Amino acid sequence: MIEQNKSSAGHVRLIDLPAVTDPRGDLTFIEGERHVPFPIRRVYYLYNVPVDAERGGHAHRDLEQVVFALSGSFRMKIDDGKTKSEYWLRDPRKGLYINRLIWREMDSFSQGAVCMVLASHPYDENDYFRDYDDFTLAVNEGVK
Ligand code: TYD
C-alpha cells in the first residue's frame, strides 16, 4: 500500500508496478488504493498521437493521476510552479504519479505510443487550470 498525504499538493513520483513474467509474456496489474494511492474513478488513453504533437498544458485543482506508457515512449514535462523536471516514460511497469497543482506537458511521442492515465475523479472541466498564470497564482496563494 502506498501512503499518500492528500494535502501534499505539487508532488510527483514514479510508481513501480508488479509484473508476472513467464515464457508466454508479461502481465502487469493495477489495483486502486493499493498500487495507486486513490480509488480509480476514470481511465483514459491517448493513441494515434502524431510524433510532433504536444498534449497537456494544464494543471488540476484536485485531480490525482498516474500516467503510463503502455507502448512506446513519450516525455512528460513537470512543473510544480517553482521547479521544473522531466520524465521519459517508456516502461509499462512504471507509472508517474501526479498530484494536484502540477503543470504538465507531454511531447516527443514515439510512433504508435499509447499513454494510459488512471484518474481519481471523473472528467470535470472546472477542475482544470488551463492558464499558466492562474496556476502559478494558485500555487503561490496555497489555493486549493
Ligand atoms: P485534455 O485534458 O485537454 O487533453 P490532453 O491533456 O491530453 O492534451 O482533453 C482534450 C479534450 O478531451 C477536451 O475537450 C476534454 C476532453 N476530455 C474528456 O471529455 N474526458 C476526459 O476524461 C478527458 C481526459 C478529456
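Need the list of aspartates and glutamates near Lys84 for cross-linking: C-alpha distance under 12 angstrom, and skip anything on the same chain fewer than eight residues off.
Once the sequence-local aspartates and glutamates are set aside, what remains near Lys84 is Glu105.
Taking chymotrypsin sites (Phe, Trp or Tyr not before Pro) as exposed when DSSP calls them loop (any state but H, G, I, E, B) and at most 13 other Cβ atoms lie within 10 Å, what is the longest stretch of the chain free of them, the sites themselves excluded?
Between exposed loop sites, the widest span is 48-122.
Just want to confirm a number: the relative contact order over the chain, from Cα pairs under 8 angstrom separated by 6+ residues, in percent.
Reported relative contact order: 32 percent.
Using a Förster radius of 41 Å, what is the FRET efficiency between Tyr132 and Phe29 based on their Cβ-Cβ separation? Nearest 0.05, please.
E(calc), rounded to 0.05, equals 0.70.
What are the trypsin sites (Lys or Arg not before Pro) within the stretch 40-108 that DSSP puts in a loop, where the Cβ has at most 11 other Cβ atoms within 10 Å?
Hits after loop and neighbour filter: Lys82.
Given a 1.4 Å probe, how much area per residue of the stretch 12-141 is accessible, in Å²?
Using a 1.4 Å probe on heavy atoms only, each residue of the stretch 12-141 averages 54 Å².
Restrict the search to the stretch 11-105; then list the GluC sites (Glu not before Pro) that DSSP places in a loop and that have at most 14 other Cβ atoms within 10 Å of their Cβ.
Hits after loop and neighbour filter: Glu31, Glu33, Glu54.
Net charge within 11 Å of Arg93 by Cβ-Cβ distance, Lys/Arg positive one each and Asp/Glu negative one each, not counting Arg93 itself?
Result for the local shell: -1.
What full-extension length gain, to one decimal in nm, is calculated for Asp62 and His121 as 0.36 nm per residue of separation minus the Cα-Cα distance?
Extending this stretch completely gives an extra 20.4 nm.
Please compute the net charge surrounding Gly57, taking Lys and Arg as +1 and Asp and Glu as -1 over other residues with Cβ under 11 Å from its Cβ. Before the final figure, lay out the partial values.
Details: positive: Arg55, Lys77, Arg104, Arg130; negative: Glu54, Asp79, Glu105, Asp107, Asp131.
With Lys, Arg at +1 and Asp, Glu at -1, the neighbours total -1.
Using θ = phi - 60° and the Karplus form 6.51 cos²θ - 1.76 cosθ + 1.60, what ³J(HN,Hα) does each residue of the stretch 132-141 get, whole Hz, x for Gly and Pro?
Each residue of the stretch 132-141 in turn: 4, 5, 4, 5, 5, 4, 5, 4, 5, 8 Hz.
Please state the charge dipole magnitude for the chain, taken about the Cα centre, from unit charges on C-beta atoms (+1 on K and R, -1 on D and E), reported in debye and rounded to the nearest 20.
Here the chain has a charge dipole of around 280 debye.
Considering only protein heavy atoms and a 1.4 Å probe, what is the carbon-and-sulfur percentage of the accessible area of the chain? Let's see the in-between values first.
Details: 3890 of 8180 Å².
Taking all protein chains in place, the chain shows 48 percent carbon and sulfur surface.
The values are calculated or read from the model by the stated rules, or taken from the named source; none is laboratory data. From a predicted model like this one, the values you see are computed outputs, not experimental measurements. Neighbour counts are summed over all protein chains in view; Cβ atoms, including those assigned to glycine, are modelled from backbone coordinates with ideal geometry. Accessible surface is based on the protein model in full, side chains and every heavy atom, while ligands, DNA and RNA are left aside. Shrake-Rupley method; radii C 1.70, N 1.55, O 1.52, S 1.80 Å.
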